[in-house]
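Input: a single structure, listed below in structure tokens.
Rule-based calculations on the coordinates, nothing more; no lab input. All values derive from a computational prediction rather than experimental measurement. Here the Cβ positions follow ideal geometry from the backbone for every residue, glycine too, while neighbour counts run over all protein chains shown.
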Amino acid sequence: MQKTTLKVALCLLVSALVSNSWAAKSPELDLAKTLETQSECQRIADWRLLGNLHVDCGQDNQHFYSHPSATMVSENAKVSIGNFNLLHPGTDKTLFKDFGLVADLINGQFDLMAGLELVEVLADGRANNLKIQTGVQEKYQTLTAAQALVQRSEEQIKLLEKKIHDASANQINTSIVEQTLLALRGQLESVQQRSAEQDHRLREIERSIQLNRRPGLTLFGWEVFKQRRLVRLSYDLQRKEKLIRDMQSMKLLKDNLVSELARWEAIGQTTATVNPEDGENLAHLKSELPKLSEDLQNKQAAFALASKEYRIPGYLQLLLKLQELDSSWSLILTPHGDAQEESNTQEMVGYFYRASRLRPQTNPHCRARFQRDSSACYPNLYADFMGSDSANLFSRRPFLASFKSSEKSFTFLASHVIFEAPKSDATRKNMIQQAFGVEDVAKLGQGITKANFARFVEVKMMLNLVEKLKDDALEDIIVMGDFNLEGDNPFWQKLLPSGLHLLIQEKTSLSVTRFTQGKETHGVSSNYDHFLVNDKTLRECTEYARVNFLQGTFAQKVKNKYLVREEADKGPYLLSSDAENKIAMRMSEMESRLLDKKNLVGDLGKFKERVFDSQTSDETYYNFFQQLISDHLPIRMDCQ
């Protein structure tokens, strides 16, 4: 009887863990997701899909940057900091987002922007990338081979020209040959040693793979550590794939060194006399070089055409547009996406920053967590740091980062707080108990309800995290994000400790309708986006407000490009005299931009409907702003 009861209890426990999406986060799952994101990041880096941008695909963050040694300007001591929910840039949901306009908005207002709701390529885009990945990789390998051939020919021409010149002048410097031979032999020895180490590592990984392919300890028919075994297996397979690539590269390097060593040994044996064969070889190489260069250009064009079809995430499309306006714009990004459930869209947080004004600096907490210098990371929300497992109280965990300007250091914690509360009574009870020490939300006072308590739970745990981060010498942290909570909610007064201030009380969420209950919405509805700052920061950051892109100079830029209605007191609205030409122009631009030619007609129809046709009705009056920019206004804070 006891065995049966134990078996039932174990079954219920496993069932709860599987079904409870609020208990899905773990260090093992974090690592598996990071490795998957790293693989895609590295592919983008290897193929140079971002031009000359430097790319670091780390386990604690991803970093895309330029001008690593550029000097920061210090003429203007003011630094403009912002937060912006960018509404899934680059996905089918925001297929028509105008990245040029979004970049213009950010570049004109901010030096650092915490971007929320960033996502990797999803659904159709990912299927497209998987479909063409092999072809692009083959063209990339062909291109690199052609580049190596041209480079080798140019080097051989230079060497032969020098050899002939030196031989003619009887000035062959034997000491240079000897030094080169010594260096090449040292490099070859080092490569051979590294190759042996790689062979040893491959055997170890193979043993680990075989071990993790076999089911482990079972209990009443359940494998006890199955998820951990599968994560380890996934990790080992990826390690094996990367190691094999590294071994192939190492073999190529070894072959090149052997060839180069043989060539220099031959040079060392020649006499200081002109060799007729050298002149013939030089003439042949010079005659062949134009053909090789032409072939290289053709392969460059073929790779460019193939890689153009490869879809990069929207946050990188935005970064490239920012770089067109200021080449110092860079991005530091979460190591992987996060969501309430693994089946949900995995959202990321990224800090777009102007490197001429700010630079990432080592964050003490990230360094302590990852045992290396690191400027940004998901903070440790597990029990070994927080005292209890807090990671599973977050739908999307906040992203921690440190920066330094010429005048001041900044530490930021940015988050997109969950909107919907969990449906499970047990989950709700556990969350309230862990965050507030009570079992019923009704005991917490005015403002917190069954509908919004999960949002306040995340904010409360962020405040707990900020307090814990003081142990890692982090005190003046600026917390910002889309909290999905109104600033005038009375529960804030009970939640916030003394000395901490909630900034931005203006409406920041877009309303697509022009009128609500007969009153003008002016395109905005809820007040969800805020900064949380302490007394010291508030003294240094004295200016803060929303940036209303529905009005002013920027709004006029949007209208000049996309507005096609005649303005009136209310709808329905007539089309303007230039509407037909403007729509045709924008439709042509969109046709060249859309990569999915299979659904081109349908997507163009959606573009016309959402951006142009929607303008003629009061019910969708501001919809084109949401389609082109976002459904949130950014918020800004200027710090001296």
Given the -39500 (n - 2.57) contribution per DSSP H run of 4+ residues, what per-residue ellipticity at 222 nm results for the chain, rounded to the nearest 500 deg cm²/dmol? -16500 deg cm²/dmol
What is the distance in Å between the Cα centres of segment 183-261 and segment 320-387? 29 Å
Among V177, Y378, G268, pick out the residue whose Cα is farthest towards the positive end of the charge dipole of the chain, where Lys and Arg carry +1 and Asp and Glu carry -1 on C-beta, about the Cα centre. Y378
Would you mind calculating the gained length between A183 and F370 on full extension (0.36 nm times residue separation, minus the Cα-Cα distance), in nm to one decimal? 63.7 nm
Would you please put 353-366, 292-305 in order of how densely packed they are, using the mean number of other Cβ atoms within 10 angstrom per residue and starting with the highest? 353-366, 292-305
Measuring from its Cα centre, the chain shows a charge dipole (+1 at each Lys and Arg Cβ, -1 at each Asp and Glu Cβ) which, in debye to the nearest 20, is 1400 debye
Below 21 Å, Cα to Cα, which lysines can K291 reach? Residues fewer than 8 away in the same chain don't count. K139, K158, K299
When ranked by the protection proxy of mean other Cβ atoms within 10 Å per residue, highest first, what sequence do the peptides 483-490, 553-560 form? 483-490, 553-560
Answer in debye to the nearest 20: the dipole magnitude of segment 552-617 about its Cα centre, from +1 Lys/Arg and -1 Asp/Glu charges placed on Cβ, is 260 debye
Given R₀ = 60 Å, what would the calculated FRET efficiency be for S259 paired with S577, taking r from the Cβ atoms and rounding to 0.05? 0.25
Which peptide among 245-256, 507-518 comes first, and what is the full order, when sorted by highest mean count of other Cβ atoms within 10 Å? 507-518, 245-256
Note down the nm distance, to one decimal, between modelled labels 7 Å out along Cα→Cβ at K559 and at Q505. 3.0 nm
Taking mean projected area of the Cα convex hull in nm² as the quantity of interest, determine which of [x] 34.6; [y] 38.2; [z] 44.1 was computed from the displayed structure. [y]
In degrees, nearest 10, range 0 to 90: what is the angle between the Cα axis of helix 453-469 and the longest Cα principal axis of the chain? 50 degrees
To the nearest Å, what is the center-to-center distance of segment 85-106 and segment 111-159, using C-alpha atoms only? 24 Å
In degrees between 0 and 90, to the nearest 10, how far off the longest principal axis of the chain does helix 123-168 point, with axes built from Cα atoms? 30 degrees
For K570, which lysines qualify as cross-link partners when the Cα separation must be under 25 Å and same-chain residues fewer than eight apart are set aside? K507, K519, K557, K559, K561, K582, K606, K608
Taking R0 as 22 Å, what FRET efficiency do you get between K408 and T542 from their Cβ-Cβ distance, rounded to the nearest 0.05? 0.95
To the nearest 10 degrees, the tilt of helix 579-593 (Cα long axis) against the first principal axis of the alpha carbons of the chain is 50 degrees
